[in-house]
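> Starting off with a structure, shown below.
Every read-out reported here was derived from the displayed coordinates using simple, explicitly stated rules and does not represent laboratory data. Because the structure is predicted, anything quoted here is derived from the model rather than measured. Note: ideal-geometry Cβ built from the backbone for every residue, glycine included; neighbour counts use all protein chains shown.
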Amino acid sequence: MLSEKSRPVIEATAAVVAEHMPEITPLFYAHMFEAHPELLDGVFSRANQRNGEQAQALAGSIVRFAVHLLENPGTLPEAVLSRIAHKHTALGIVEEQYPIVYENLFWAIGEVLGDAVTPAMADAWTEVYWLMADALIKIEKGLY
Ligand code: HEM
């Protein structure tokens, strides 16, 4: 569940984050694949990266997850999480890879939004990321 501290921050910043996702996602992937080239050949499909469809899917789903938490306090979007977890387990995604996505995605958010990212905003979105990541990791462990 989203903390009382983070809720107003997410409410105030979801639109600006969503609006900049088309700029954030290509930077995120470029930065991540530079640091972890093995992910591009072994895990993420080049075809999907090229058409940009999957690129928007991952980061976009985090904003949708945040909006779900705002609109449905105390619940999780179970069906969406289950679909993503099935996709992830088919690809062999493991818990240890979640910090890699976190670091590179948040680096890209910082690059694009710059000084607009206040410490409170960084904390609130970090909370959202790990709420989603932990929920996925739990479902994925059950599937494995
Ligand atoms: C909180 C973290 C994450 C979120 C919210 C997330 C979200 C998503 C979503 C929405 C999809 C599309 C699912 C579909 O097609 O129905 C997806 C696919 C995928 N995710 Fe994640 N993901 C996360 C973490 C990770 C991690 C840690 C990895 C591995 C480094 C990863 C690798 C992939 C890959 C390879 C695909 C399929 C992409 C393709 O079609 O090439 N994801 N993820």
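> Short version: what are the Cα gyration tensor semi-axes of the chain, square root of 5 times each eigenvalue, largest first, in whole Å?
Here the semi-axes work out to 23, 20, 13 Å.
> Right, here's the next one. Using helices alone, what [θ] at 222 nm do you get for the chain, with -39,500 (n - 2.57) per DSSP H run of 4 or more residues, divided over all residues and rounded to the nearest 500?
On the way: 7 runs with 116 residues, N = 144.
One gets -27000 deg cm²/dmol as the mean residue ellipticity at 222 nm.
> Still on this model: Segment 76-123 to segment 15-49: how many Å between their Cα centroids?
What the calculation gives is 11 Å, centre to centre.
> Order 121-129, 72-80 from most to least packed using the mean count of other Cβ atoms within 10 Å. Could you put the intermediate results ahead of the total?
Values: 121-129: 18.3, 72-80: 11.4.
With the highest mean Cβ count within 10 Å placed first, the list reads 121-129, 72-80.
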